[in-house]
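Chemist: Structure provided below as C-alpha cells; questions to follow.
Laboratory data are not the source of any read-out in this text; all were calculated from the coordinates shown. These numbers were taken from a predicted model, which means no experiment stands behind them. Every residue, glycine among them, receives a Cβ derived from its backbone with ideal geometry; neighbour counts consider all protein chains shown.
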Amino acid sequence: MSTIATLTVELTERAYPIHFSDSLNALKNDVAALRAAGRSVRVLSDAKVLAAQSHVLEQAGFENAEILSLPTGETTKSVEFFSQALSFLAGQAANRDCALFAFGGGVIGDLSGYVAASYLRGIDFYQIPTTLLSMVDSSVGGKTGINLPEGKNLVGAFWQPKAVYIETRLLETLPCREFTAGMAEVIKYGMLYDSNFFKELEQVNTLSASSPELAAIVRRCCAIKAEIVADDEKETAASGGRALLNLGHTFAHAIENVAGYGHYLHGEAVGIGLNLATHLSAEIGQIDASDIARAKTLIERYGLPTALKSPLPISDLMAAMQRDKKNRGGKLRLVSMQALGQAVTTDGVDGALIEALWKTIGAE
C-alpha cells in the first residue's frame with residue numbers, strides 16, 4: 001500500500017492537509033467519507049479541464065455528482081459567473097452540508113472558494129488544482145475572490161479549504177504556455193524567501209510536467225507558502241508577512257487589468273512584474289546589477305516575458321496600482337528584495353521612479 005504524503009497548513013483556529021504523491025487516493029477516501037455521512041458533493045470546473053481530466057472525477061467517486069462547467073479563462077472570475085455558480089447551488093437546494101470541490105486552475109479555485117465563503121454564509125470547499133500555478137500558489141492559503149473592471153481580486157474573502165489534493169501527473173495534459181506561466185510563481189518563492197531554492201532552479205537544465213524534480217519543487221513551494229500563511233493568515237502584519245507573497249504582483253495585476261483580462265496569463269504578467277521588482281529593488285539601493293541579471297536570466301530561461309508585448313499607457317497602469325489591496329494610508333505598498341531570497345514590504349516609493357520603471361519594459 002502506498003503512503004499518502006501530506007503537508008499540514010497550521011492556522012490559528014484549525015489546520016488542513018495538502019495531499020501529495022497518492023493524493024487521488026486521499027481524494028477518493030474523503031469523497032466516500034462525505035457521502036457515507038449523508039453529505040452531498042458539488043463540483044465547479046471548466047470546459048477544458050473536464051475535456052482532459054473528467055476521468056479523475058470518475059475514479060475519485062464523483063459519479064452522479066452535479067458539476068457546473070464554466071468557460072475557461074480569467075474572465076470567468078467575474079460577478080456574472082459568481083452569480084451563476086451561486087444559482088447552481090441554490091437551484092439544487094444545496095444546504096450547509098454540501099461540500100464544494102474546485103477542479104481546475106487558479107480561476108476556478110478562486111471563484112469556487114468565494115462561492116463557498118458566500119453561499120449560506122459559508123460551506124466547506126476542497127481544492128483539486130490542475131495547473132502548475134494553482135498547485136504551487138492559489139490553491140493554498142485561503143485567498144478567494146473575483147475581479148471587477150476596476151481591478152483584479154477586488155472582491156473576495158479569506159476562506160480556507162478543508163483539504164488540497166495535488167497530483168502532478170495532471171499537468172501532463174496542461175498546455176505548454178500554461179505550464180510556463182506557472183513557473184513564474186515557482187521562481188517567485190526563490191526570489192522572496194529562499195536563495196538556496198533560487199540556486200536550485202538555476203541549476204535545473206529544463207523543467208516540464210514529466211521532470212522527476214517537479215514533485216519536489218511543487219512541495220517546496222507549498223511548504224514556503226504554508227509557513228508564511230501560518231504566521232499571517234489574513235495579511236494583517238504591519239509590514240512583511242503574507243504581503244511578501246505578492247512580490248511582482250502589484251505590477252502584474254496592473255498589467256492584467258489595463259491590457260484586458262486574458263491578454264496575458266497571470267503567470268506571464270508575474271514574470272514581467274518580477275523583473276520590475278528586481279529593478280525597483282536596485283533603484284532603492286537594496287540589490288545590485290548582478291542580482292538583476294540573475295533574476296532576469298532565470299525568468300527568461302523558463303520562457304517567461306520580462307517586457308510588454310505591446311505598449312500600455314503609463315497613466316492607466318499607475319491608476320490600477322493605486323487600487324491595489326496592499327496600499328496603506330493612500331500610499332503604494334510594494335514588495336522589494338533586500339537580497340535574492342529576502343523580500344520586504346516597501347512603502348512610499350516615489351511615483352516618478354515607478355513611471356520610469358514602466359518605461360523600461362515598454363509602457364508609454
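Chemist: How far is helix 351-360 tilted off the main Cα axis of the chain, in degrees rounded to 10, range 0 to 90?
Modeler: The helix 351-360 is inclined about 80 degrees to the chain.
Chemist: If you don't mind, another one. Rank by packing, highest mean first: peptides 150-160, 253-263, 353-363, 122-132, with packing defined as the count of other Cβ atoms within 10 Å averaged across residues.
Modeler: On the way: 150-160: 18.1, 253-263: 20.3, 353-363: 16.5, 122-132: 24.9.
The densest-packed peptide leads the list: 122-132, 253-263, 150-160, 353-363.
Chemist: Hey, which lysines would be in cross-link range of residue 325, C-alpha to C-alpha under 22 Å, not counting anything within fewer than 8 residues on its own chain?
Modeler: Cross-link targets: 77, 143, 152, 188, 225, 234.
Chemist: Hey, if you put +1 on the Cβ of every Lys and Arg and -1 on every Asp and Glu Cβ in the chain, which of 236, 267, 204 ends up farthest toward the positive end of that dipole?
Modeler: Comparing the listed Cα positions along the dipole, 236 ranks first.
Chemist: Neighbouring Cβ atoms within 10 Å as the yardstick, rank 325, 143, 309 fewest first.
Modeler: Going from sparsest to densest Cβ surroundings: 309, 325, 143.
Chemist: For region 53-112, count the residues as N, evaluate 2.2 N^0.38 Å, and divide the Cα radius of gyration by that value, please.
Modeler: Compactness ratio reported: 1.15.
Chemist: Taking Cα pairs under 8 Å and at least six residues apart, what relative contact order does region 179-245 come out at, in percent?
Modeler: 28
Chemist: I'd like the distance separating the alpha-carbon centroids of region 212-265 and region 292-324, in whole Å.
Modeler: Cα centres, region 212-265 to region 292-324: 16 Å.
Chemist: Follow-up. Report, in deg cm²/dmol and to the nearest 500, the calculated mean residue ellipticity at 222 nm for the chain, where each DSSP H run with n ≥ 4 adds -39500 (n - 2.57) and the sum is divided by the residue count.
Modeler: The per-residue figure over the chain is -14000 deg cm²/dmol.
Chemist: For percent of Cα pairs over 36 Å apart, pick the label among (i) 27; (ii) 18; (iii) 24 that corresponds to the value derived from the coordinates.
Modeler: (ii)
Chemist: Any chance you could give the angle, 0 to 90 degrees and rounded to 10, that helix 176-192 forms with the longest Cα principal axis of the chain?
Modeler: On a 0 to 90 degree scale, this one is about 60.
Chemist: Another question, if that's okay. Starting with the highest mean, order 102-109, 283-290 by the number of other Cβ atoms within 10 Å, averaged over the residues of each peptide.
Modeler: Put in order of decreasing packing, that is 102-109, 283-290.
Chemist: How large is the Kirkwood hydrodynamic radius of region 6-173, counting all unique pairs of alpha carbons, in Å?
Modeler: 15.7
Chemist: I would also like to ask the following. Could you state the angle between the C-alpha long axis of helix 106-118 and the longest principal axis of the C-alpha atoms of the chain, as a value from 0 to 90 degrees rounded to the nearest 10?
Modeler: Rounded to the nearest ten degrees, it is 60.
Chemist: Follow-up. Radius of gyration and Dmax for region 176-360's Cα atoms, expressed in Å?
Modeler: 15.6, 47
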